[in-house]
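Presented below is the structure to which this report refers.
The values are calculated or read from the model by the stated rules, or taken from the named source; none is laboratory data. Only a predicted model underlies this, so the values are computations on that prediction, with no experimental measurement involved. No Cβ is skipped: glycine too gets one built from the backbone with ideal geometry, and neighbour counts run over all protein chains shown.
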């Protein structure tokens, strides 16, 4: 089956847009961390659990990190998993990021310990991973299932370890992000199988 050149060009633009979103987020993370190191501590803008003033942290926290080591640890999986999502296009990428950030951020705000500040992009990373694993269960597309198995093989252990309570690490943020990924897969792919039958 041939694809019309205009359709192929539009699909390529969509994919490029998805990659741009992921790359722009990473650039912003590094810029914010550089400002944090040079100009002073801005990590207080993270999520403050069950504090109404801390709700802004749902937006800010993925861009805040506790040093460059923390940032590097999140950057690599964020880029790899984000690129896998970006293949689906700009709208898909934006939708996954938005759903995971909202569900993961609210979940963290509701469940993390009081008098703490939660920062870092690992909630998004966990959400990206579970989205890529779960979408095959909803779409039933062979390449989605295969991709999910690859992600599970590479990041499965990290996902499990990240849910173990560890001092200084928000397992609640990881779990909430992971739930956000499953929600994103359900919202974006649950109708794909039915549509394919029509």
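If you go through region 65-79 one residue at a time, do you hit one that is buried (at least 16 other Cβ atoms within 10 Å of the Cβ) and not in a helix (DSSP H, G or I)? There is at least one residue in region 65-79 that is buried (at least 16 other Cβ atoms within 10 Å of the Cβ) and not in a helix (DSSP H, G or I). Scanning region 38-52 for residues that are outside any loop (DSSP other than H, G, I, E, B) and either in contact with a strand residue (DSSP E or B) (Cβ under 7 Å, 6 or more places away or on another chain) or within 15 Å of residue 119 (Cα to Cα) (or both) yields 43, 44, 45, 47.
Close contacts from region 156-173, counting a first residue that is under 11 Å from residue 123 (Cα atoms) and a second that is at pLDDT below 90 and buried (at least 16 other Cβ atoms within 10 Å of the Cβ), with Cβ to Cβ under 7 Å and a gap of 6+ residues or different chains, come to 171/162. Screening the candidates 198, 187 for the property of being at pLDDT 95 or above and surrounded by fewer than 21 Cβ atoms within 10 Å (Cβ to Cβ) yields one hit, 187. Look at region 132-149: where a residue is within 12 Å of residue 191 (Cα to Cα) and a partner is assigned to a loop (DSSP other than H, G, I, E, B), sitting 6+ places away or on another chain with Cβ atoms under 9 Å, you get 135/141; 138/190; 138/191; 139/190.
Looking at 163, 90, which is the one that is touching a helix residue (DSSP H, G or I) at 6+ places or on another chain (Cβ under 6 Å), surrounded by fewer than 23 Cβ atoms within 10 Å (Cβ to Cβ) and at pLDDT below 95?
Details: 90 fails: at pLDDT below 95.
Result: 163 is the single residue among 163, 90 that is touching a helix residue (DSSP H, G or I) at 6+ places or on another chain (Cβ under 6 Å), surrounded by fewer than 23 Cβ atoms within 10 Å (Cβ to Cβ) and at pLDDT below 95.
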